[in-house]
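See below for the structure under consideration.
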Amino acid sequence: MKINYLRRAWLSMCQQPLVSVVSVAGTTFAIFLIMVVVMLNEVGIAPYPPESNRERWLVQRYLSIKYKDNNESNGCMSYATVKAVMYEMTTPEAVTAFTYGNNRVSVSVPGSPATGCEMRGVDAGFWKVMDFTFLQGAPFTQDEFESGVTKAVISESMAKKIFHSTGIVGRDIRINYTPYRVCGVVKDVTNLAPFAFADIWVPFSSTNSISFSWNDYMGPFSAIMLAKDKKDFKEIREEYDRLFAKLGDEAAINGKSFVSRGRPYTQKVEAIKAGSWETPDVRRSDTTLWIVFMILLIVPAVNLSSMTQSRLQQSREEIGVRRAFGTPRYAIAIDILIENMLVSLFAGAIGLILSLLFIITYGSWFLIPASDESLAPTGINIGILFHWTTFGWALLFCFLLNLMSSGLPSFQAARTDIVKALEGK
Amino acid sequence: MLQTVTSSDVNRSSAEPAIKLEGIGKIYRTDEIETEALENVNLSISKGEFVSIMGPSGCGKSTLLNIMGLLDRPSSGTIRIDGKSPENMSDRQLSAFRSEKIGFVFQNFHLIKSLDVGGNVEIPILYRSMNARQRSERVKEVLTRVDLLHRIHHFPSQLSGGQCQRVAIARAIAGDPEIILADEPTGNLDSKMGAEVMDILRSLNRHEGRTIVMVTHNERQAAQSDRIIRFFDGRRVM
């Protein structure tokens, strides 16, 4: 016979149906808006295949070099830099270097027209760091990479587009008129995964990207260091700094020095998408996000607060009775908060579902560039959006909204004069 | 202006009185008006006594009952319940003290519509150090006493007025208080149901020794109590 909060919440809502409907709708809309922002933000941070290891990797997307005259070069790394620093690292579980940026190529098979697609040059470590699902075949090996083998892993959509089938391992294709052999077919990769995404992956040792560099250190490569555990980040950074310092000694002879900008970055920092010439300002980014959240919370909370007050007006007699029979003020306030929390959770669940549907339907408008010409479907699936963290955020914001909208009314209700409450005043 | 008539009440037992009021005054203030609801009320009610308070509407009976029940604070004077002054108690202490010492029966029952009979009766013991089973047993015990155990899962809207008041009495005694304050407990009932409620109150007084203070307009019911205290314009006149 302990207080049945669910029933009480329901009855309290039934007492003023219009106010309750508006109140639930307000909460739903607030949580919907907030969760859209959360999910748009989470897409860049939360792990999902094939970037499943985001939580334990450090990213070196860009490199910055300063010259004697204080001018700077900012961009990706050359193969020489990758070899001197990234491939020398022993602390990470795996390291990968890959070409970063647009690399549109033409792919064809004899007797068919050529198809344009996105290609990424990768090393053998790429397949350890990323979490691809191979539908057929396997990736190229380290030995094959080192030999500059002309093998290619292609996406499911790519396979269907050029062969009308996915059972094509061992078949030959031409990439920019160079013959390659298909060694594996993987599930399509979303454009939202900036490091893994492509339609076709080849060993960069088989391309001319190795020799493409300027000022000795800059080139087309980015790298990711996969830690065995997040706790190893500090040790990885120390090793990274040591190796860059060593390379820096050599660069200093030519009047160049490396500018760290706090690299390498965790995925959270990387997701800020700072330019290669900028140091990501995590604090500013977080503050901006929370200001947005607060605005999205405060406006409905103020409105919902008056509705909660209105609903509590109906319960004054009950509060009076409970106070008369010895229920302390804090218990009254807690009970009101719990009842309202149930309503907030109910409305929040609807808001969360609506936000998921919205992002799945319209998310690509916000997240995928209109210029995207990849063959992979641009739709966003629920697996990308829905993690325990998303659920956690939704719960947190329901709780905050509840506290902001019911906190003051519950405090006031708990301090109600018992006699007046019993009289329904 | 009439002076308050103060009589030295007879202590019916050698122990502390159940309720002792000394110089109680109550003034309701608004921005423009001051209304004196009670003026220098002195009263002692012994343990186990059944007292009726009578007087015309607006004479301060209910205000007095609210002050006795620690639901309201007097503007002046002191109150002692079972020898203890609630003056310096925190809200938590006062709530616990009220729950332990005092039960209320209201004219319009004040049952919570969203709770079933069992839930309503359980309210005074919800914050006691009792587990769910002990609370459940206590609820059944008091509902048996008012002959409503079979209605334990019914809601107030499914009960008659008399049954509602019996539930209210069960709720008033659930916490086993020494004092029951009844504000016109039969005011909303027909004579038959009113008689039933009076029987229960009398039984609680005679057989269980509970102190009962009842506000009533009904002379016949008041005559069933040990003592009648009459009020007029916020002052005790007899």
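Highest mean packing comes first when the peptides A:255-266, A:150-161 are listed by Cβ atoms within 10 Å, giving A:150-161, A:255-266.
Note on A:H164: accessible area is roughly 150 Å² with a 1.4 Å probe, heavy atoms of protein only.
Note on chain A: with neighbouring protein chains present and a 1.4 Å probe, carbon and sulfur make up 58 percent of its accessible heavy-atom surface. Excluding ligands, DNA and RNA and using a 1.4 Å probe, chains A and B jointly bury around 2500 Å² of accessible surface, summed across both partners. If only the Cβ of Lys and Arg carry +1 and only the Cβ of Asp and Glu carry -1, the dipole of segment B:18-230 around its Cα centre is close to 620 debye.
Run the paramagnetic zone check for A:A138: 7 angstrom along Cα to Cβ, then residues of segment A:166-185 with backbone nitrogen under 13 Å. Under cut-off, by backbone N: A:183-184. When both bridge partners sit in segment B:18-230, DSSP labels roughly 45% of those beta bridges antiparallel. Spin-label model, B:D91/A:N208: points 7 Å from Cα along the beta carbon direction are separated by 7.9 nm. Taking a point 7 Å out from the Cα of B:N188 in the direction of its Cβ, the residues of segment B:114-133 whose backbone N falls within less than 14 Å of it are B:114. With respect to chain A, whose longest principal axis is taken over its alpha-carbon atoms, helix A:17-42 is tilted by about 20°.
In peptide B:99-110, what is the residue-averaged number of other protein chain Cβ atoms found within 10 Å of each Cβ?
Per residue, the average neighbour count from other chains is 3.
Taking 0.36 nm per residue of separation and subtracting the current Cα-Cα distance, fully stretching the chain between A:E88 and A:A252 would add 57.0 nm. With respect to chain B, whose longest principal axis is taken over its alpha-carbon atoms, helix B:132-145 is tilted by about 80°. Computed from label points 7 Å out along Cα-Cβ, the spacing between A:S106 and A:R415 is 7.8 nm. With protein chains left intact and a 1.4 Å probe, residues in chain B average 45 Å² of accessible area per residue. The mean sequence separation of alpha-carbon pairs under 8 Å and at least six residues apart, normalised by the residue count of chain B, gives a relative contact order of 29 percent. Phi angles across segment B:153-162 convert, under the Karplus curve 6.51 cos²θ - 1.76 cosθ + 1.60 with θ = phi - 60°, into 3J(HN,Hα) values of 9, 7, 9, x, 5, 9, 10, 7, x, x Hz, Gly and Pro given as x. In this structure, B:I228 and A:S306 have a Cβ-Cβ separation that, at R0 = 60 Å, corresponds to a calculated FRET efficiency of about 0.80.
Rounded to the nearest 10 degrees, what's the angle between the helix B:91-101 long axis and the longest principal axis of chain B, both from Cα atoms, 0 to 90? Taking Cα atoms only, the helix is inclined about 70 degrees.
Peptide B:122-133 has a mean of 3 when you count, residue by residue, the C-beta atoms of other protein chains within 10 Å of its C-beta.
Computed extension length for A:D172-A:A114: 19.5 nm, one decimal, from 0.36 nm per residue of separation with the Cα-Cα distance subtracted. Which of rounded, prolate or oblate describes segment A:62-264 when judged by the alpha-carbon gyration tensor and an a/c cut-off of 1.5? Here segment A:62-264 falls in the prolate category.
For the protein assembly as shown, the Cβ-based charge dipole about the Cα centre amounts to some 1080 debye (Lys, Arg positive; Asp, Glu negative; other atoms uncharged). Assuming R0 = 56 Å, what is the FRET efficiency of A:I382 and A:S147, from their Cβ-Cβ distance, to the nearest 0.05? For R0 = 56 Å, the calculated efficiency reads 0.85.
The GluC sites (Glu not before Pro) of segment B:140-223 that DSSP puts in a loop, and whose beta carbon has at most 14 other beta carbons within 10 Å, are B:E208. Dipole orientation for the protein assembly as shown: of the candidates A:G424, A:L247, B:L181, B:L181 has the Cα lying most toward the positive pole (charges on Cβ; Lys, Arg +1; Asp, Glu -1).
Once divided by 2.2 N^0.38 Å, the Cα radius of gyration of chain A becomes 1.29. For segment A:20-107, the Kirkwood radius over C-alpha pairs fed into Stokes-Einstein at 10 °C and 1.306 mPa s yields D = 90 µm² per second.
Shape verdict for segment A:48-95, please, from the Cα gyration tensor: rounded (a/c under 1.5), prolate (a/b greater than b/c) or oblate. It comes out prolate by the Cα gyration axes.
The modelled label-to-label distance between A:V299 and A:S52, using points 7 Å beyond Cα along the C-beta direction, is 4.0 nm.
Count, for each residue of B:56-69, the Cβ atoms from other chains sitting within 10 Å of its Cβ, then give me the mean as a whole number.
For peptide B:56-69, the averaged partner shielding equals 1.
Just the accessible area per residue of chain A, please: how many Å² with a 1.4 Å probe?
Working: 19410 Å² over 425 residues.
On a per-residue basis, chain A sits at 46 Å².
The values are calculated or read from the model by the stated rules, or taken from the named source; none is laboratory data. If you're wondering where the values come from, they're calculated on a predicted model, not measured in any experiment. Note that each Cβ is placed from the backbone with ideal geometry, even for glycine, and that neighbours are counted across all protein chains shown. Please note that ligands, DNA and RNA were not included when accessible areas were found on the heavy atoms of the full protein model with its side chains. Shrake-Rupley method; radii C 1.70, N 1.55, O 1.52, S 1.80 Å.
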